[in-house]
Amino acid sequence: MLPDTPENENVFTWAAPPLKFGAGAIDEIGAEVAARGSSSCLVITDTGVLATGFPSRIAENLRNAGITTEIFDGVGVEPTDLSIEEAVTFARQREWDCFVAVGGGSALDTAKAVNLLTTHPGELLDFVAPPIGAGKAPWLPLKPLIAVPTTAGTGSESTTICVVDLLGLHLKAGVSHPRLRPSLAVIDPRTTLSLPSQVTAASGMDVLSHALESYTSVPYDAKPAPDDPMRRPAFCGSNPISDVWCETALSLVGKNLRRAVHNGRDMHARTQMALASTYAGTGFGNAGTHLPHANAYPVAGAVKSYRAEGYPEMPMVPHGQAVSATAAAVFRWTYPADPARHLRAAELLTGRTFTATDGKEALPHVLSELMADIDMPSGLRSFGYDESDVDTLVDGTLKQTRQLAVVPRSLDRAAAEEIFRQSL
């Protein structure tokens, strides 16, 4: 006889999309769409990526396969509720059989939102996780979505997550559901060769943070069991499958990120970072990110005047910069939850050996060392924040229930305040 439902979870879920990886992979998209029986396709991108020629190349490939194709290039960098509304309005002008997203996380997340809101009634906030939104789950089928990342960073091609900047709330938030996961990920490392060094650096720190947060998230079997097994959250906590991908991603980042930043034409480093992004995406898309990402959303959402090198001339904190800004302080604070795992992460990033005598400073030191080597901004003051902003940033963090559910220690307001103060 089976025992009663345990207090803690004893099952984890894990999923990832099919993928094609390698130089030339984007030239097979037309055949992939045709094989799915689609006759029309909307390519979703932004003006910067359009200028690289890759979206037009993909559109031509689609047309050569007999697919009616248009390009929407109005994606907002660090997408907002308004930029997503514009994309949805454009997409609703006709019925599309499928979507192809080409770009960084902004394009991929925008395409997920377009897919959701052209197949379901309602608005984006209906689907954003509470307490910010209503937290509705999609109940209708979505269209096929092929995701083509042009940065080695977000991992959005592998995940169930769409992140949006809610302008009226000065806050970022997310929609997450398995139906948002792309139908196919197409990763062609050649698309990353033209990225500016600081975009490469920020994207690479996002890869690192995905892998590191997932690897140190609360173990899946230390979480409460769900009342309904069919409604398990997308972020299930660290688990034996995600751990393998995250460990490999950390090792690849440690060996290749500096090279990719300082020599953008290094095809080997670019390929290895594209692999690292894919590995980290399949890891965190199941285990979940935690506090650095929860902190990053208010950091990005409340920015006033900071301009980032290599990005459009607008006030913004790129996501990779935002997640890394508090990472050292976060992992100093999470160290007691699993010292061995934090030390192992430092070893994977450096190839060096660390022991308990190195303690809670080992991983923060490794992170700070790497960020200095790739010229990442150091501290929240770089973005224009000071002590007077701590309460606002903490308020925003404490609303990120999706990430907070897998933080490996119990977070209270005092701890969150101290982490932000250490990060100034």
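Can you find a residue in the stretch 45-58 that is assigned to a loop (DSSP other than H, G, I, E, B), surrounded by fewer than 22 Cβ atoms within 10 Å (Cβ to Cβ) and touching a residue at least 40 places away in the same chain (Cβ under 8 Å)? Checked the stretch 45-58: at least one residue is assigned to a loop (DSSP other than H, G, I, E, B), surrounded by fewer than 22 Cβ atoms within 10 Å (Cβ to Cβ) and touching a residue at least 40 places away in the same chain (Cβ under 8 Å). I'm told L82 meets every condition in (1) touching a residue at least 40 places away in the same chain (Cβ under 8 Å); (2) not in a helix (DSSP H, G or I) except one. Can you identify the failing condition by its number? So L82 meets the others, but not (2).
Put simply, of L275, L257, L291 the only residue that is open to solvent by 10 Å² or more (accessible area, probe 1.4 Å) and in contact (Cβ under 8 Å) with a residue 24 or more places away in the chain is L275. Within the stretch 287-306, the residues that satisfy the criterion of being of a type in the set (A, V, I, L, M, F, W, C), out of contact with any Asp or Glu (no Cβ under 7 Å at 6 or more places or on another chain) and assigned to a helix (DSSP H, G or I) are A287, L291, A294, A296, V299.
Of the residues V186, V244, which is modelled with pLDDT of 95 or more and within 27 Å of L117 (Cβ to Cβ)? Break it down stepwise before answering.
Details: V244 fails: within 27 Å of L117 (Cβ to Cβ).
From the options V186, V244, the qualifying one is V186.
When you check L195 against the structure, is it crowded, with 17+ Cβ neighbours inside 10 Å and not in a helix (DSSP H, G or I), yes or no?
Values: crowded, with 17+ Cβ neighbours inside 10 Å: yes; not in a helix (DSSP H, G or I): yes.
It is true that L195 is crowded, with 17+ Cβ neighbours inside 10 Å and not in a helix (DSSP H, G or I).
Looking at T80, T89, just one residue is within 30 Å of A296 (Cα to Cα) and surrounded by 15 or more Cβ atoms within 10 Å (Cβ to Cβ), and that residue is T80.
Do any strands (runs of 3 or more DSSP E) entirely within the stretch 104-181 hold 3 or more residues that are at pLDDT 90 or above and open to solvent by less than 20 Å² (accessible area, probe 1.4 Å), and if so, which?
Working: elements: 145-149, 161-166, 171-176.
Qualifying strands (runs of 3 or more DSSP E): 145-149.
When V390 is tested against (1) under 23 Å from S242 (Cβ atoms); (2) buried (at least 19 other Cβ atoms within 10 Å of the Cβ); (3) touching a helix residue (DSSP H, G or I) at 6+ places or on another chain (Cβ under 7 Å), exactly one condition is not met: (1). Restricting attention to the stretch 307-350, the residues being open to solvent by 50 Å² or more (accessible area, probe 1.4 Å), of a type in the set (A, V, I, L, M, F, W, C) and in a loop (DSSP other than H, G, I, E, B) number 1. Among the residues of the stretch 34-41, are any part of a helix (DSSP H, G or I) and either open to solvent by 60 Å² or more (accessible area, probe 1.4 Å) or touching a residue at least 60 places away in the same chain (Cβ under 8 Å) (or both)? Scanning the stretch 34-41 turns up at least one residue that is part of a helix (DSSP H, G or I) and either open to solvent by 60 Å² or more (accessible area, probe 1.4 Å) or touching a residue at least 60 places away in the same chain (Cβ under 8 Å) (or both).
If you take the residues of the stretch 220-245 that are among the acidic types (D, E) and crowded, with 16+ Cβ neighbours inside 10 Å, which of them is nearest to the chain's Cα centre (by Cα)? Write out each step before concluding.
Here is the first cut: in the stretch 220-245, the residues among the acidic types (D, E) are 221, 227-228, 243.
With crowded, with 16+ Cβ neighbours inside 10 Å added as a condition, the list becomes 221, 243.
Values: D221: 24, D243: 17 Å.
The selected residue is D243.
Within this structure, S217 passes the test of being within 19 Å of the chain's Cα centre (by Cα) and more than 29 Å from E309 (Cβ to Cβ). Look at the stretch 351-363: where a residue is farther than 18 Å from W333 by Cα and surrounded by fewer than 14 Cβ atoms within 10 Å (Cβ to Cβ) and a partner is among the small types (G, A, S) and at pLDDT 95 or above, sitting 6+ places away or on another chain with Cβ atoms under 9 Å, you get G351/S251; G351/G254; R352/A346.
Are any of the residues in the stretch 370-385 in a loop (DSSP other than H, G, I, E, B), at positive phi and at pLDDT 95 or above? Yes, some residue in the stretch 370-385 is in a loop (DSSP other than H, G, I, E, B), at positive phi and at pLDDT 95 or above. Just wondering, is there one or more residues in the stretch 404-412 that are open to solvent by 40 Å² or more (accessible area, probe 1.4 Å) and farther than 22 Å from H210 by Cβ? Yes, that holds for at least one residue. Filtered by the rule that a residue be over 19 Å from Q403 (Cβ atoms) and either among the small types (G, A, S) or outside any loop (DSSP other than H, G, I, E, B) (or both), the stretch 227-244 gives P229, M230, P240, I241, V244.
The values are calculated or read from the model by the stated rules, or taken from the named source; none is laboratory data. Just so you know, these numbers come straight off a predicted model, no measurement behind them. All Cβ positions, glycine included, derive from the backbone under ideal geometry; neighbour counts span all protein chains shown. Accessible surface is based on the protein model in full, side chains and every heavy atom, while ligands, DNA and RNA are left aside. Shrake-Rupley method; radii C 1.70, N 1.55, O 1.52, S 1.80 Å.
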